[in-house]
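Please read the structure below before turning to the comments.
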Amino acid sequence: MASSDSDELIESRRQHVADHWNLDSEVVLVRSGSLVPIAGSDLQYEFRPHPDFAYLAGYGVADAVLAYDAKDQRWQLFGPRSTADEMVWHQPANEIGLPITELDEWLKKREQQPLIESHNDLKIESGIAETRLRKDELELSALRFAAATSEAGFSWVYDNVTAGMTEREIQIGIEAEFFRAGAVRTAYPSIVASGPNAAYLHYFYGQDDSLTPTTRTLEKGELLLIDAGGEFGGYASDVTRTMVVGAEPTDVQMFLWQVVQRAQELAIDRCRPGQEWREVHLDSARVICSGLIELGLLRGEVDALVASGAVALFYPHGLGHLIGLTVHDAGGYPPGREPGSHPQSRYLRTDRPLEVGMITSVEPGIYFIDSLLTDPVIRQQFATEVVWESVDPLRGFGGIRIEDDVHVTDGEPEVLSGAIEKPLRIG
Ligand SMILES: [Mn+2]
């Protein structure tokens, strides 16, 4: 990060954070983090900086520290320097700030001031989170670019995927296009789930066994759910499309897909300042509930079915989450709010009123999850609300999720991933 525009924006982030902290004389250290060794080897996991450091420093360098002296209201960056031996094996370190070896001396001059490690202090962390909520222009351009890399990947899927391909082949194809379009990495492990696998909310290659991962061949007429996105400049994109491959959709596939699509459309339109995200989420559950009643899978009144947890059997997750330097970004719950235990909301990752500058995913879904549908306690509990004789034949159907990334503005919601088509059928 070099340009003076970005320097100015980073300066302004620091100012906002310091205003939130409102400290007198403390010294705060924000660390980038260290490489994590892989057990039993001399290798390390790929480095990811702590997002608070990345946000306030603008770098992704390991073993670096950003220090703030509240007395002088000054920020000082410290970074590692390579030794001659290290430079035999590695490219030289990015020489940011003062050498990290000078940090002790710098702290000694301030030893009368209380020292706070930012990642151990709730007030300090939430001061950064509250600032990270509202994205600045530099962040928005990274987020838009990340979404464009995802678009390249999904276009490849629409043009190339046919029945008979394995999930792994599809994953390789979509990720290659993310990277070709400029993504630095995938924002999270890509979910490429065919047929019944689409009912696992977070299904990904190698999860079952990292030595010999299994993959499945997509069959004609099955659902294919892809939840994948590129990452750029540390910023994530998070997109899901579900389609029927190689055949005309069945009536049930088409009906449920349209219910999810409608729930998503209504929720995206609600991504406006002042809307309580929990309410938007519950309304999406009501839309899905109406669809399940109409299809004859649930019986009863919409509000009662949402309240009892019957809808959560088919839509167990939250409508969406904040997106930024992590795919499930900081600030989902403001101080004073906590995740509840209600089945329809316990996985809700955000509970706050929307504000201009927030980025949220909008991702309703409907799934036929075997572990829930076969549980005898659940079957007994929902004996009257769930029409089991109509639900049971749909075991193995998989699931449908449609997800876009939405920027809350003071005008119309901006759908960052809006250029990615939503075909019901491909191949
Ligand atoms: Mn998501």
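The values are calculated or read from the model by the stated rules, or taken from the named source; none is laboratory data. Worth saying up front: this structure is predicted, and the values here are computed from it rather than measured. A quick note on method: Cβ atoms are made from the backbone with ideal geometry, for glycine too, and the neighbour counts reach across all protein chains shown.
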Response to the item:
Of the residues in the stretch 398-427, those that are more than 18 Å from residue 140 (Cβ to Cβ), within 14 Å of the ligand (Cβ to nearest atom) and of a type in the set (D, E, K, R) come to 401, 403
Worksheet item: Of these, 404, 410, 351, 392, which one is of a type in the set (Asp, Glu) and in contact with a helix residue (DSSP H, G or I) (Cβ under 6 Å, 6 or more places away or on another chain)?
Response: 351
Worksheet item: If the Cβ limit is 6 Å and pairs must be 6+ apart or interchain, which residue in the stretch 402-416 that is buried (at least 16 other Cβ atoms within 10 Å of the Cβ) pairs with which residue that is outside any loop (DSSP other than H, G, I, E, B) and of a type in the set (Gly, Ala, Ser)?
Response: 403/361; 405/361; 416/147
Worksheet item: Restricting the stretch 207-228 to residues that are within 24 Å of the chain's Cα centre (by Cα) and not in a loop (DSSP other than H, G, I, E, B), which is nearest to the ligand (Cβ to nearest atom)?
Response: 227
Fill in: Answer residue from the stretch 229-260, given it is of a type in the set (S, T, N, Q) and within 27 Å of residue 172 (Cα to Cα) and is nearest to the ligand (Cβ to nearest atom) among those
240
Discussion item. So for the stretch 17-31 (the condition being buried (at least 17 other Cβ atoms within 10 Å of the Cβ), part of a loop (DSSP other than H, G, I, E, B), more than 28 Å from the chain's Cα centre (by Cα) and not assigned by TED's automatic domain parsing to the domain that holds residue 189), does at least one residue qualify?
Written reply: yes
Discussion item. Just checking, does the stretch 385-397 include any residue being within 16 Å of the ligand (Cβ to nearest atom) and either surrounded by 14 or more Cβ atoms within 10 Å (Cβ to Cβ) or assigned by TED's automatic domain parsing to the domain that holds residue 241 (or both)?
Written reply: no
Worksheet entry | Selection status of residue 244, hydrophobic (A, V, I, L, M, F, W, C), buried (at least 17 other Cβ atoms within 10 Å of the Cβ) and closer than 23 Å to residue 155 by Cβ | yes
Discussion item. Please count how many residues of the stretch 182-206 are buried (at least 16 other Cβ atoms within 10 Å of the Cβ), part of a loop (DSSP other than H, G, I, E, B) and not hydrophobic (A, V, I, L, M, F, W, C).
Written reply: 5
Discussion item. With the requirement that a residue be under 13 Å from the mean Cα position of the chain (by Cα), away from the ligand (no atom under 11 Å from the Cβ) and hydrophobic (A, V, I, L, M, F, W, C), what does the stretch 315-358 give you?
Written reply: 325, 330, 348
Worksheet entry | Residue satisfying all of: in the stretch 53-112; touching a Leu at 6+ places or on another chain (Cβ under 8 Å) and either assigned by TED's automatic domain parsing to the domain that holds residue 232 or small (Gly, Ala, Ser) (or both); surrounded by the fewest Cβ atoms within 10 Å (Cβ to Cβ) among these | 62
Discussion item. Which residue is nearest to residue 394 (Cα to Cα), if the candidates are limited to the stretch 263-306 and must be small (Gly, Ala, Ser), over 23 Å from the mean Cα position of the chain (by Cα) and assigned to a loop (DSSP other than H, G, I, E, B)?
Written reply: 296
Worksheet entry | Failed item in (1) within 29 Å of residue 135 (Cβ to Cβ); (2) outside any loop (DSSP other than H, G, I, E, B), with residue 88 passing the rest | (1)
Item to complete: List every residue pair whose Cβ atoms lie under 7 Å apart, where the two residues are 6 or more positions apart in sequence or sit on different chains, the first residue falls within the stretch 354-366 and is farther than 30 Å from residue 396 by Cβ, and the second residue, located anywhere, is near the ligand (Cβ under 9 Å from one of its atoms) and part of a loop (DSSP other than H, G, I, E, B).
Response: 359/323; 360/320; 360/321; 360/323
Discussion item. Just to be sure before I move on: is residue 299 modelled with pLDDT of 95 or more, in the same structural domain as residue 205 (by TED's automatic domain parsing) and within 22 Å of residue 405 (Cα to Cα) in the structure I sent?
Written reply: no
Practice prompt. Determine if the stretch 67-79 includes at least one residue that is in contact with a strand residue (DSSP E or B) (Cβ under 9 Å, 6 or more places away or on another chain), assigned to a loop (DSSP other than H, G, I, E, B) and free of Cβ contacts under 8 Å to residues at least 24 places away in the same chain.
Written response: no
